[in-house]
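Heads up, the thing below is written out as structure tokens.
What follows is calculated from the coordinates using simple rules that are stated; it is not laboratory data. As the structure is a prediction and not an experimental result, all values here were calculated from the model. Every residue, glycine as well, gets a Cβ built from its backbone with ideal geometry; the counts of neighbours run over all protein chains shown.
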Amino acid sequence: MSTLSPTTPRPAPEAQAAPAAQPAAPAKPAPQDHLDLVVVGHVDHGKSTLIGRLLFDTNSVEEGKAERIEAACKAEGMEFEYAFLLDALLEEQAQNITMDTTRVPFRTASRVFTIIDAPGHKEFLKNMITGAASADAAVLLVDALEGLREQSRRHCFLLSLLGLRQILVAVNKMDLVDYRREVFDGIRAELGEYLSRLGVEPAHFVPISAKLGEGLLRRSARMPWYTGPALLEALGGFRSSPPATGGPLRMVVQDVYRFDTRRIVAGLVESGSVSVGDPVEFVPGGKRSRVKSIETWPELAARAQGPVGAGSSVAVTLEDELFVERGQIGSDPGDKPVEGRIFTARVFWIHKTPLRIGELIPLRIGTQRAEARVIGIHRKLDAVTLEGGSGTGGEVNVHEVAEVRLRVRRAIAFDAAGRIPALGRFVLMRDRRIGGGGVIDALVEEQAGTSEGPAASRAAILGHRGCIVWMTGLSGAGKSTLAKGLEARLLGSGVLAMVLDGDVLRTGLSKNLGFTPDDRSENIRRATELAIHLAEAGVVVIAAFISPYRADRAMAAERAKERGVPYAEVYVNAPLSVCEGRDPKQLYKKAREGRIPNFTGVDAPYEAPLAPDIEVRTDREPAHEAIERLAKLAIDLSLPDDQSDSGANI
Amino acid sequence: MRHLDELESQSIYLLREAFHGFEKPAMLWSMGKDSNVLVWLAKKAFCGHIPFPVVHIDTTYEFPEMIEFRSWAKEHYGFDLKVWVNVEARNRGIGYETTDPVTVTHELKTVALQQCLSNYGFDALITGIRRDEDATRAKERYFSPRNADFEWDYKDQPPEFWNHFTTESGPGEHVRVQPLLDWTEIDIWRYLERAKVPLPGMYFSRGGMRYRSLGCMPITKPVRSNAMSISDIIEELKVTRVSERSGRAQDHHERNAMQKLRAKGFM
């Protein structure tokens, strides 16, 4: 083991940072006020440059870094790049883009700012959301030359959805438009109108040039027509978001600890406050007790009495031995969260696999977990026009926002996001990651169980109703392959699906039937009745039968209609030559040799459907694409009749 | 709420989520100032108990004074201490006397940690890293997945917001839980001062020198300082523009060393 030889610390470098003289280090009286700031905007509108410049101008850059970057830029024959003060990762410097959310502190005399740099590249939206969700205020950067772009609007839209209300708009690169007032006024008018439709009132519009440092610390002499505050002055006016101190108690329970004789309920106060002696009701569940003690470590000489306010982690014991568990919310008994199973919400989706109607997806709200069924995708919200898109296609794609209706199997407790934001926000999980987030707008009252009848009750249990997807086509056309693929796809989405296979039926229920036209009709009749029963039980039945006669298929459709079972016909089509070439069971071969009489396509007719709901050309369309089309059809059929929108506002 | 209270509450929330979310979490402890805040916060989060093992990756190049502190703290806090040394690498002769510091750090810290993890089967590691330590760490998540090879996929990090995190890991993977991510160096000192958290004496000035960040003996250099108390240190930090880890040789050995170390699984 070597020993330490203390070395002389290196002398303070004399060099001033490049490229301009640094302002003298301001006196730093230890500001206590903190503000988390997110910077958003279209890619290349100058976010990293702005942040780099702010760090530089407020003397917040670590010693030597500016010099190193200057040297590197010189070596590459580039101008000094402020953005490099921020960008850490190799790829970022190489590609000149910021890859992930970065948090950088800088300080002024009165306040510590933490800048959350959120990348503008569309594929990195999840990082922006990750950053912006925790911010107190936002700076939206707009390029004076380019004006508003789709991403600028999308970012504003998401900020409003995330609940951010303090927004400053900085119109950047004013140097490139000769500091002309008309350009600034034009952007202000256009963006102001857009933001007001979102219910967002930007605090300021500030003209700047981040690269040249104009309008950042003090108003720019080049823009005498602008009389508002400089960027940093304006930011000084923002309040760091005050936690909800008023309001009813909401203590989200994280865990119950029994490390010793104490039974400690640990959690986070999201709203209101908690004191010793306070009555608390734990929902869902509704058990009540009073706070016996507030536990601390190290133990205080005078035991803590509270109040412990919003934003605080807390640990309490209760007067009664209640069964309390993670997921419950300790609440003010006089003003509790609502409990329910169906609610409407606005969701934003950030996973590459779309959120699909009918699917079952893990939901997390506070510390509660539930399986949610997407029972309605009512409209997509277009970030640019703010209008509902036409036709949702039954899915919400990556980077889209939609109004949806969700149902959870067991009631959850929440408050509408408009009332207590933290209690009305949830995330949806996909592949162990957050796939999207949402804010609850309203609880949907459920109709009384008794009046619904058993079919509706079954649908409520399953989250869907039964239906029949009837596949017809030649032997070897690909019915079984598609049917099995569809079955797996639906089961994977939490839909109870089952293949009813012609070959299987003939080994049992239709064992006594042959292949004469009459026997074929009887076989289809039996299959139809069985399929209807299964569908009535709630199953999505995938019936795969050659079913060569139009009349038989028409009869099946008619019977389903009589019984109120949704029914769709799928024509699995491949030319006879292709089917015969595939011949998986050597049936064509045997038929051609005369060993199987009445074989469809050989010596018995096949009557192709005239108007199938879906036709699949299995010789042309890849199976996985066809299965997706079929899954959409099946899910649409299996959706319960949508009750009228009776979203009660809460 | 005051800023330190906010940070404390958030860290406690994260620690409790980690304890609930994983089967076998463990806490990394280097005996440094951030580590000691972490231990302190864990005691607070669990009302006096630390319900998971505390792991020290011992490079065998620790300052003797730190080893003394280690024994004292284990008794004082009463936690389950696991010390791990990459004995195999030391037997191969890997050491600062013979090998470059990046390789030594890799072998005696990263590989040692991998060995420790697979030996005990930990599925989450609670660490004391902070965003302000380094521009690469600034991009970290509170719950940051690592694959079976310890790699950090910084290009495709899971989103996390509204207090929802990645709490599941696949086979062989683990998650780094980083409750101090939002703290700055000065926040740490202010908190140490406020809560009177015990610290190794090496952080304070002796003969005009003190350590600002503590690593392995051969590659950790003191800085010139007369700071004898935490409030002296805070005053000093308010005016410095020298980065905290400037006394750590392995960070400067080559360009982007820190990013390479982290992508390979360094704390």
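Each residue, A:Ala455 and A:Glu607, gets one label point 7 Å from its Cα in the Cβ direction; the gap between the two is 2.8 nm.
Structural descriptor for the stretch A:165-312: relative contact order 17 percent, calculated from alpha carbon pairs under 8 angstrom and at least 6 residues apart.
A:Val324 sits among other residues whose Cβ lies under 12 Å from its own Cβ, and their net charge, with Lys and Arg +1 and Asp and Glu -1, is 0.
Say the dipole of the protein assembly as shown comes from +1 at the beta carbon of Lys and Arg and -1 at that of Asp and Glu; which of A:Ile116, A:Gly46, A:Asn573 then lies farthest toward its positive end? The one lying farthest along the dipole's positive direction is A:Ile116. Note on B:Lys238, A:Lys47: ascending count of other Cβ atoms within 10 Å places them as B:Lys238, A:Lys47, the fewest first.
Of all DSSP beta bridges in the stretch A:33-236, what percent run antiparallel (nearest 5)?
Details: 7 of 29 bridges.
Beta bridges within the stretch A:33-236, antiparallel portion: roughly 25 percent.
Based on C-alpha pairs under 8 angstrom that are at least 6 apart in sequence, the stretch A:456-638 has a relative contact order of 34 percent. Seen from B:Glu168, the other residues with C-beta closer than 15 Å to its C-beta sum to a net charge of +3, counting Lys and Arg as +1 and Asp and Glu as -1. When a/c is below 1.5 the answer is rounded, else prolate if a/b is larger than b/c, else oblate, so apply that to chain A with a ≥ b ≥ c taken from the square roots of the Cα gyration tensor eigenvalues. Judged from the Cα gyration tensor, chain A comes out prolate (a/c at least 1.5, a/b above b/c).
The simple spin-label model puts a point 7 Å past each Cα toward its Cβ; for A:Glu445 and A:Glu201 those points are separated by 3.5 nm. Dipole magnitude for the stretch A:218-273: about 180 debye, using +1 per Lys or Arg Cβ and -1 per Asp or Glu Cβ, origin at the Cα centre. Each residue of the stretch A:498-512 was assigned a 3J(HN,Hα) from its phi angle through the Karplus expression (A = 6.51, B = -1.76, C = 1.60, θ = phi - 60°), giving 8, 7, 10, 9, x, 4, 5, 4, 6, 8, x, 3, 10, 4, 8 Hz with x at Gly and Pro. Positive end of the dipole of chain A (Cβ unit charges, origin at the Cα centre): among A:Gly453, A:Ile412, A:Gly340, the Cα lying farthest that way belongs to A:Gly453. Couplings for the stretch A:201-213, taken from phi via the Karplus curve 6.51 cos²θ - 1.76 cosθ + 1.60 with θ = phi - 60°, read 10, x, 5, 8, 10, 10, x, 9, 10, 4, 5, 9, x Hz in order; Gly and Pro are left as x.
With springs only between Cα atoms under 10 Å apart, run a GNM on chain B and tell me which of B:His56, B:His174, B:His76 wobbles the most. Among B:His56, B:His174, B:His76, the largest mean-square fluctuation in the Gaussian network model of chain B belongs to B:His76. Distances between placed amide hydrogens fall under 5 Å for B:Val83 paired with B:His56, all partners being 5 or more residues away or on another chain.
Work out the length of the dipole vector of the protein assembly as shown about its Cα centre, built from +1 on the beta-carbon of each Lys and Arg and -1 on the beta-carbon of each Asp and Glu, and round it to the nearest 20 debye. Don't jump to the answer; show the numbers that get you there.
Numbers: 116 positive and 123 negative charges, 183 e Å.
The calculated dipole for the protein assembly as shown is roughly 880 debye.
Counting only aspartates and glutamates at least 8 places from A:Lys561 when in the same chain, those with an alpha carbon closer than 16 Å to its own are A:Glu529, A:Glu536, A:Asp552, A:Glu569, A:Asp613, A:Asp641. Annotation: the residues A:Arg433, A:Arg373, sorted from fewest to most other C-beta atoms within 10 Å of their own C-beta, follow the order A:Arg433, A:Arg373. Taking only the Cα atoms of the stretch A:450-541, the ratio Rg/Rh comes out at 1.04, with Rh defined as the Kirkwood radius.
Relative to one another, the C-alpha centroids of the stretch B:79-103 and the stretch B:3-60 are positioned 24 Å apart.
Of all beta bridges DSSP finds with both residues in the protein assembly as shown, what is the antiparallel percent, to the nearest 5?
The antiparallel fraction comes to roughly 60 percent.
Summing charges over neighbours of A:Glu403, with a neighbour being any other residue whose Cβ is under 9 Å away from its Cβ, gives +3 when K and R count +1 and D and E count -1.
Can you pick out the pairs among A:Lys65/B:Lys196; A:Lys292/B:Lys44; A:Lys47/A:Lys74 whose Cα atoms lie more than 30 Å from each other?
Numbers: A:Lys65/B:Lys196 34 Å; A:Lys292/B:Lys44 19 Å; A:Lys47/A:Lys74 22 Å.
From A:Lys65/B:Lys196; A:Lys292/B:Lys44; A:Lys47/A:Lys74, over 30 Å: A:Lys65/B:Lys196.
Taking amide H positions as modeled 1.01 Å from N, with prolines and chain starts lacking one, the residues under 5 Å from A:Asp143 and 5 or more places away or on another chain are A:Asn172. Could you tell me which of rounded, prolate or oblate describes chain B, using a ≥ b ≥ c as the square roots of the eigenvalues of the alpha-carbon gyration tensor, with rounded for a/c under 1.5 and, failing that, prolate when a/b is larger than b/c and oblate otherwise? Cα axes put chain B in the rounded bin. Of the beta bridges in chain B, as assigned by DSSP with both residues counted there, near 45 percent are antiparallel. In deg cm²/dmol, rounded to 500, what helix-only [θ] at 222 nm does the protein assembly as shown give when every DSSP H run of at least 4 residues adds -39500 (n - 2.57) and the total is split over its residues? Here the helix-only value at 222 nm equals -8500 deg cm²/dmol.
Distances between placed amide hydrogens fall under 5 Å for A:Val206 paired with A:Val169, A:Ala170, A:Val171, all partners being 5 or more residues away or on another chain. Think of the stretch A:307-388 as a dipole: +1 on every Lys or Arg Cβ, -1 on every Asp or Glu Cβ, centred on the Cα centre; then among A:Val308, A:Ile350, A:Leu318, A:Ile350 lies furthest on the positive end. The distance separating the Cα centre of the stretch A:546-565 from that of the stretch A:487-524 comes to 14 Å.
Taking the C-alpha atoms only, the angle from helix A:517-536 to the longest principal axis of chain A is near 40 degrees. 3J(HN,Hα) couplings calculated from phi for the stretch A:272-285 with the Karplus curve 6.51 cos²θ - 1.76 cosθ + 1.60 (θ = phi - 60°) are, in sequence order, x, 8, 10, 10, 4, x, 5, x, 9, 10, 9, 10, x, x Hz; Gly and Pro show x.
Treat the count of other C-beta atoms within 10 Å as a stand-in for reagent exposure and order A:Phe238, A:Phe515, B:Phe46, A:Phe323 from fewest to most. Walk me through the numbers on the way to the answer.
Numbers: A:Phe238 20, A:Phe515 16, B:Phe46 23, A:Phe323 9.
The fewest-first ordering by Cβ neighbours comes to A:Phe323, A:Phe515, A:Phe238, B:Phe46.
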